[in-house]
Amino acid sequence: MSVNEKNYKTILEKTAAVKATLVAVSKIKPVSDIKALYNLGQRDFGENYVQELVEKAAVLPEDIRWHFIGHLQSNKVKYIAPFVHLIHGVDSEKLLFEIDKQAQKNERVIDCLLQVHIAQEATKFGFDEEEARIFISGIQGYQQSGSLKHVRIRGLMGMASFTDDTHQLIREFEALSLLYKNLRSGNVNIDILSMGMSGDYELALRYGSTMVRVGSLLFGARV
Ligand SMILES: *Cc1c(COP(=O)(O)O)cnc(C)c1O
C-alpha cells in the first residue's frame, strides 16, 4: 500500500495532543490509498475537485466525512450538497447562498468555513480580515431575519505562503489565529480553525490550528 503509516501515526499523535482534527488530503490519489488509510482508522478526507470527490464518495464507505477544500464554483455545489461534511473554502456571498439553497433541497444544514487570505501570494482565493469580519456580521444579520438557515459558519480556513521562511509562516498563522480568537470573543459562535498542510502543520498546531489538511506526508508527493 502506498500510505505512509509511520507519518500517519506521528501526525495523529501531534494533532491528538492539542485535540485537533486531521483531514487526510487525498486529491489525485487512488481510491485504494484512501481505503488503506481508512483501514487504519482515518475517517476525515479532503478533496479539491468536485467530480473526483463525487466519484470517490460513490465507491467508498459511507461513514467517511468528506471535506471539500478546493475552490468551489457555485454551479457545482449541487453535486456535493447531498453528502459533503464541511466546505472549507467559502469565499463569496453568492457561493454561500447557493450552498444554502442546495442544502435546503437536501433537507440538511451544511457546515462551512470562510477562506481568509493570509499568504503573500496574490493568486489565492479568500477574504482579507476586514472583509471576513464584515461578511460574518452580514451572515448573522441574514440568519437573524430568517434566511440562510441551511448553512452554518463553523470557522475559518487559511493557506500560508509556500515558503521555508518560518518567521513569515508564523506571522501568517498568528494573524489568522488572532482573527479567529477575536471573532470568538466577540460572540461569533465558531469552533474550527483550519490551517496547516504537510510542510507547516506542526507550526500551525502551535499557533492554534484545530484542523490540519495533510496530503503528501500521508500519500506521497503528487505528480
Ligand atoms: C493540496 C492541499 C492540501 C494538502 O497539501 P500537502 O502539502 O500535500 O499536505 C491542503 N490544503 C489545500 C487547500 C490543498 O489544496
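Computed from the coordinates by the stated procedures, all read-outs in this text should not be read as laboratory data. Please read all numbers here as calculations on a predicted model, not as lab measurements. Counting neighbours? That spans all protein chains shown, and the Cβs are built from the backbone with ideal geometry, glycine included.
Structural remarks
- Note on region 86-200: the alpha carbon radius of gyration divided by the globular reference 2.2 N^0.38 Å gives 1.09.
- Calculated diffusion of region 6-85, Stokes-Einstein form, Kirkwood radius summed over Cα pairs, 4 °C and 1.567 mPa s, µm²/s: 98
- For the chain, radius of gyration divided by Kirkwood radius, i.e. Rg to Rh on alpha-carbons: 0.95
- Residue-wise HN-Hα couplings along region 174-185, as the Karplus relation 6.51 cos²θ - 1.76 cosθ + 1.60 with θ = phi - 60° gives them from phi, are 4, 4, 5, 4, 5, 4, 4, 5, 5, 5, 4, 6 Hz; Gly and Pro carry x.
- Peptides 151-157, 200-206, ordered by how many other C-beta atoms sit within 10 Å of their residues on average, highest first, read 151-157, 200-206.
- Peptide packing for 80-89, 105-114 was compared via the average number of neighbouring C-beta atoms within 10 Å per residue; ordered from the highest value, the list is 80-89, 105-114.
- Kirkwood's formula applied to the C-alpha pairs of region 38-145 gives a hydrodynamic radius of 14.9 angstrom.
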